[in-house]
1. I'd like the full set of residues that are exposed (fewer than 12 other Cβ atoms within 10 Å of the Cβ) and β-branched (Val, Ile, Thr), limited to the stretch A:95-121.
2. From the set of residues in the stretch B:321-333 that are touching a helix residue (DSSP H, G or I) at 6+ places or on another chain (Cβ under 6 Å) and more than 8 Å from chain A (Cβ to nearest Cβ), which is surrounded by the fewest Cβ atoms within 10 Å (Cβ to Cβ)?
3. Run down A:ALA361, A:ALA302 and say which single residue is assigned to a helix (DSSP H, G or I), over 27 Å from B:LEU154 (Cβ atoms) and either among the hydrophobic types (A, V, I, L, M, F, W, C) or in contact with a strand residue (DSSP E or B) (Cβ under 7 Å, 6 or more places away or on another chain) (or both).
4. Which residue pairs have Cβ atoms closer than 7 Å, lie 6 or more positions apart in sequence or on different chains, and pair a first residue in the stretch B:150-167 that is away from chain A (no Cβ under 12 Å) and free of Cβ contacts under 8 Å to residues at least 60 places away in the same chain with a second residue that is surrounded by fewer than 23 Cβ atoms within 10 Å (Cβ to Cβ) and aliphatic (A, V, I, L, M)?
5. Return yes or no: is B:PHE433 in contact with a Phe, Trp or Tyr (Cβ under 7 Å, 6 or more places away or on another chain), more than 14 Å from chain A (Cβ to nearest Cβ) and over 30 Å from B:THR149 (Cα atoms)?
6. What is the one condition in (1) modelled with pLDDT under 90; (2) in contact with an Asp or Glu (Cβ under 7 Å, 6 or more places away or on another chain); (3) facing chain B (nearest Cβ under 9 Å) that A:ILE94 does not satisfy?
7. Taking the condition of a type outside the set (Asp, Glu), modelled with pLDDT of 95 or more and within 30 Å of A:GLY218 (Cβ to Cβ), does B:PHE445 pass?
8. How many residues does the stretch A:165-200 hold that are of a type in the set (S, T, N, Q), away from the ligand (no atom under 16 Å from the Cβ) and crowded, with 21+ Cβ neighbours inside 10 Å?
Amino acid sequence: MTKAMVLALSLFVLPAKADWQVNMTQGVTELSREIFDLHMLIFWICVVIGVAVFGVMFYSIFKHRKSKGAVAEHWHENTTVEVIWTVVPFVILISMAVPATATLINMYDTSEADVDIQVTGYQWKWRYQYLNEDIDFFSNLSTPRDEINNVQVKNSNYLLEVDKPLVIPVNKKVRFLITSNDVIHSWWVPNFAVKKDAIPGFVNESWVRVEEPGIYRGQCTELCGKEHGFMPIVVEVKAEADYARWVADQKAMKLISAGAASQNYAVADLIAKGEGVYNAACAGCHQVNGQGMPGAFPAITASAIATGPIQKHLDIVLNGKAGTAMQAFKQQLSAVDLAAVVTFQRNGLGNSVGDSIQPSAVQQ
Amino acid sequence: MATVDIDLPHVKDDDSHHHGPAKGLGRWLYTTNHKDIGSMYLIFSLCMFMIGGMMALVIRAELFQPGLQLVEPGFFNQMTTMHGLIMVFGAVMPAFVGLANWMVPLQIGAPDMALPRMNNWSFWILPFAFLILLSSLFMPGGGPNFGWTFYAPLSTTYAPDSVTFFIFGVHIMGASSIMGAINIIATILNMRAPGMTMMKLPLFVWTWLITAFLLIAVMPVLAGVVTMMLMDIHFGTSFFNAAGGGDPVLFQHIFWFFGHPEVYIMILPAFGIISEIIPTFARKRLFGYSSMVYAVASIALLSFVVWAHHMFTVGMPLVGEVFFMFATMLIAVPTGVKVFNWIATMFRGSMTFETPMLFALAFVVLFTLGGFSGLMLAIAPADFQYHDTYFVVAHFHYVLVPGAIFSIMAAAYYWLPKWTGHVLNETMGKTHFWLSFVGVNLTFFPMHFVGLAGMPRRIPDYALQFADFNSMASVGAFIFGFSQLVFIYNVVQNVRAGQKATDRVWEGAHGLEWTVPSPAPYHTFSTPPKID
Ligand SMILES: [Cu+2]
């Protein structure tokens, strides 16, 4: 049926490069297929009703027109008919509601999960914490700004790619505990038929059991501010052995980065690294040139804090400022990145304070 | 005055002793005449329709291709927010109030609205509300950027400073709507001509009566929710602030308790208009008059118990999901009855297809399409895949554009000869219709596809697989937008000149409004007509 619709449409529109998906994603879980079937069932019910109703309407439009000499009849009531077309839709609806309720009950059964992952929405990135393992990381959009600004050719995963995807094992029941750090977001992966709002102060639950390894992509679906369109979700589903290896790698990497934080870095290296961190983590609000957006996000260039005492500068970056969009970066960035970005803000973007801070100092 | 009237011959009733319209600007500022106020509402709504439409074109131009071309994401959000607010509160609602002002007294045989001074006031505060709202676009930090649904905490803790002006504007609009609604109820209940019993009321009057009760019930809820926001922002409360022990989901419950009936406020008067037009051009009485009235009343009642179907993904308990799914599906029953009745009215009629009828027929088909997608959205488990995607955008634009807006267009073409005394140019009317019809479908039909394929709403940029349908939609939007210029030109020409219209105007028209001369004199029914 999808194919037929595509075909019908392509008669009207010139063929183009992009694909022409016109229907819901069937997905890779039992639940997502169940939902797809419900969707098709209600769709076909609508089609049948539509054909019948509009059929009669167009019949009258062609037959009962004045130009064909039609003379209006005088009836304007018929209780039997009216009762029938009240009761029949009612019965159809009940028959539709029953399977829908069964699917809902299944969706709400979050018990007995094998893996628990807390998903937290931030403006504008996702944080994934594996509750049974010591794994905790942020996942940011990785599409280069130049592609968004039409300077560079867009790659095929444009806006649907991240620096660090969520990784889960195949054929295991994975439970997501979804919440938010600031405004409301919504975590959606069409292939899993999982969409749940991430709400500050609430923890929502959802679950998935994926049947095929692969890479699945989704997006934030609740308006969450300026970069709402730029906080994608990528989930890598791995076979069990690969997943175990990935978990081990994560733990090893944690040790390496702890070691990196105890080294000393040259100021020029910090500034160079800091620019990259700044563009990835801060420029969304403070802008690439450091000018900010008046009334919403302050400029870093010539800012009192970024050119004042370094401890106060570090403090706002580490802990954020409650009640504003300036979030705490303590958990989001490594000590090396934090030292680098602060040093960069003081010695770049038109500022030249001249001082710097080392990762070891950040850690205290 | 009544004693004087009796002595005068009926036709001379108007200008001979009642004063006519005052001269100059004062006429419009001080007027208490329902026809003047109706015209001002309609002109105001047309201006807002064009402003909101231009914002829609900014949105569609940005979405024509992937990548950021024209506007910043922050400004894009202000455009989507303002487009929604202006179309709902500035275009559709005032248009219906304008039609009610003109037509309710004429249809029930009343000389004017029951509370004419309040009528003046409820119109004249509206332009100020929208000046305040629009001016916020030029304030530091920009205008409202949190969507027309303004979910907290994006609209409180994280909002630009101009949100306070937005709140103030919403309060004024609400006051205007409540006053308008009180006036309509008072008029319909008290000022009907002798013999005009409730079950003889034209359906447009019936639907407006029910709509007015909905307005009185829910506009205070809207005022309440924005006041709570104001308290959170300026007075340290934490209604919606989780960090202070508040509840962001509470916001959504209150908002949609207003918002869902609001949706029906924008469609019930449309049902009334269509129920007037179809019988006229089918030359056959409306089928099932009383079931139409009961259907509208039950839709209105049900609209109070379905609000959380906008919130299936917030994490409601299972019983909540099931209840709101069932209640929502129930609404399809009375809505279906209405569609069946319209079609039964056409069946074995003697139809002609003047411009108002074309818009009415398009309404029946396209509104029903929007109803079908609404039924799909009601299926809670499937809604997890539809929610907050372009599928929803397609759905509510189908019920609001070829729904509410087409009904307003139909009403304008239908009653304009009565207002101006001139017959409309049919060729231009039909051109407007066909351009709008093609434009609307080209804009909104592909949105179903990209929505199902996974495109979220309210994003300024999108992944490559959505590109083709989005360019189609943008082309359609420009066709639809510019075709409204044909309408404006047609109306202006009609006001200025044109062939003289007869009193009945349309061959099949019935009802009191067609018994007065065209154009309707400044004062009508100073002596109540007799109804048998
Ligand atoms: Cu988000």
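1. Matches in the stretch A:95-121: A:VAL98 only.
2. B:PHE324
3. On the way: A:ALA302 fails: assigned to a helix (DSSP H, G or I).
Of the residues listed, the single one that is assigned to a helix (DSSP H, G or I), over 27 Å from B:LEU154 (Cβ atoms) and either among the hydrophobic types (A, V, I, L, M, F, W, C) or in contact with a strand residue (DSSP E or B) (Cβ under 7 Å, 6 or more places away or on another chain) (or both) is A:ALA361.
4. B:PHE165/B:ILE132
5. Numbers: in contact with a Phe, Trp or Tyr (Cβ under 7 Å, 6 or more places away or on another chain): yes; more than 14 Å from chain A (Cβ to nearest Cβ): yes; over 30 Å from B:THR149 (Cα atoms): yes.
The answer is yes for B:PHE433.
6. Unmet for A:ILE94, out of (1) modelled with pLDDT under 90; (2) in contact with an Asp or Glu (Cβ under 7 Å, 6 or more places away or on another chain); (3) facing chain B (nearest Cβ under 9 Å): (2).
7. Working: of a type outside the set (Asp, Glu): yes; modelled with pLDDT of 95 or more: yes; within 30 Å of A:GLY218 (Cβ to Cβ): yes.
Against the criterion (of a type outside the set (Asp, Glu), modelled with pLDDT of 95 or more and within 30 Å of A:GLY218 (Cβ to Cβ)), B:PHE445 qualifies.
8. Quick first cut of the stretch A:165-200, residues of a type in the set (S, T, N, Q) only: A:171, A:179-181, A:186, A:191.
Then keep just the ones that are away from the ligand (no atom under 16 Å from the Cβ); that gives A:171, A:191.
The next check asks that each one be crowded, with 21+ Cβ neighbours inside 10 Å; those that pass are A:191.
Result for the stretch A:165-200: 1.
The values are calculated or read from the model by the stated rules, or taken from the named source; none is laboratory data. Note that this is a predicted model, so its numbers are computed, not measured. With ideal geometry, Cβ positions are generated from the backbone for all residues, glycine too; neighbour counts draw on all protein chains shown.
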